[in-house]
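See below for the structure under consideration.
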Amino acid sequence: MKRFFAMLIVLLIMTAQVEAISYEDSTFAIDTINQKLREWKCTPLRIQYGGDELNNAENIAYMNELAEGHGFEKKFTACMVFYTDFHSPPDDGKISAWNYDSDYKNYSWYFGLYEDGEWKLMTWGY
């Protein structure tokens, strides 16, 4: 009986959905997002991978449309999407795109993967 349950656990592990992005891919994305939030003087509260299902033909086409609009010549072959919650800075008397001292939730970040393996942050926002 123990052997049966051990085999069942192994089968469940083998058939479980595995995220397609690598540790290096996710680390690059998280570092890029954190850098951008620091530039904006925002405090990150949560960063979450959107899931493999967002690496689809529609989102890859969207990345390539953005690239074409920016005059990029290389094509994207994959897409990864992250969502963040963050807190905007307090009012410092300067013009800001943010509502001061506020929480933002589910802010999206789209990265495209070039054919040569380089990820590029293409767009962010709601």
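Would the stretch 37-45 turn up any residue that is part of a helix (DSSP H, G or I), out of contact with any Lys or Arg (no Cβ under 8 Å at 6 or more places or on another chain), surrounded by 10 or more Cβ atoms within 10 Å (Cβ to Cβ) and modelled with pLDDT of 95 or more? I'd like the intermediate steps shown before the answer.
Our first condition is that a residue be part of a helix (DSSP H, G or I); within the stretch 37-45, this holds for 37-39.
From what is left, the residues that are out of contact with any Lys or Arg (no Cβ under 8 Å at 6 or more places or on another chain) are 37-39.
Then drop every residue that is not surrounded by 10 or more Cβ atoms within 10 Å (Cβ to Cβ), which leaves 37-38.
Pick out the ones that are also modelled with pLDDT of 95 or more and you get 37-38.
Within the stretch 37-45 (the criterion being part of a helix (DSSP H, G or I), out of contact with any Lys or Arg (no Cβ under 8 Å at 6 or more places or on another chain), surrounded by 10 or more Cβ atoms within 10 Å (Cβ to Cβ) and modelled with pLDDT of 95 or more), the answer is yes, since at least one residue qualifies.
Given SER102, SER88, SER108, which one is modelled with pLDDT of 95 or more, under 10 Å from the mean Cα position of the chain (by Cα) and among the small types (Gly, Ala, Ser)?
SER108
So which residues in the stretch 81-121 are within 15 Å of ASP25 (Cα to Cα) and among the aliphatic types (A, V, I, L, M)?
Answer for the stretch 81-121, where residues must be within 15 Å of ASP25 (Cα to Cα) and among the aliphatic types (A, V, I, L, M): VAL81, LEU113, LEU121.
For the stretch 74-88, give me each residue that is small (Gly, Ala, Ser) and outside any strand (DSSP E or B).
SER88
For ASP116, indicate whether it is at pLDDT 95 or above, charged (D, E, K, R) and surrounded by fewer than 16 Cβ atoms within 10 Å (Cβ to Cβ). Step through it out loud before you land on a result.
On the way: at pLDDT 95 or above: no; charged (D, E, K, R): yes; surrounded by fewer than 16 Cβ atoms within 10 Å (Cβ to Cβ): yes.
Spelling it out, it is not the case that ASP116 is at pLDDT 95 or above, charged (D, E, K, R) and surrounded by fewer than 16 Cβ atoms within 10 Å (Cβ to Cβ).
Right, THR27: in a helix (DSSP H, G or I), at pLDDT 95 or above and surrounded by fewer than 17 Cβ atoms within 10 Å (Cβ to Cβ) or not?
Working: in a helix (DSSP H, G or I): yes; at pLDDT 95 or above: yes; surrounded by fewer than 17 Cβ atoms within 10 Å (Cβ to Cβ): yes.
Considered against the rule, which asks whether it is in a helix (DSSP H, G or I), at pLDDT 95 or above and surrounded by fewer than 17 Cβ atoms within 10 Å (Cβ to Cβ), THR27 comes out as yes.
Tell me which of these GLY112 doesn't satisfy, since it passes every other one: (1) in contact with a Cys (Cβ under 8 Å, 6 or more places away or on another chain); (2) not in a strand (DSSP E or B); (3) not β-branched (Val, Ile, Thr).
Only one criterion is unmet by GLY112, namely (2).
Consider THR77 carefully, then state whether it is surrounded by 15 or more Cβ atoms within 10 Å (Cβ to Cβ), touching a residue at least 24 places away in the same chain (Cβ under 8 Å) and under 15 Å from the mean Cα position of the chain (by Cα).
When the stated conditions are applied, THR77 does not pass them.
Surrounded by fewer than 16 Cβ atoms within 10 Å (Cβ to Cβ) and on the phi > 0 side of the Ramachandran plot: which single residue out of ASN34, ASN106 fits that description?
Just one listed residue meets the conditions, ASN106.
The values are calculated or read from the model by the stated rules, or taken from the named source; none is laboratory data. Predicted model, so just to flag it, every value in this text is computed and none were measured. Cβ coordinates were reconstructed from backbone atoms using ideal geometry, including for glycine residues, and neighbour counts include every protein chain displayed.
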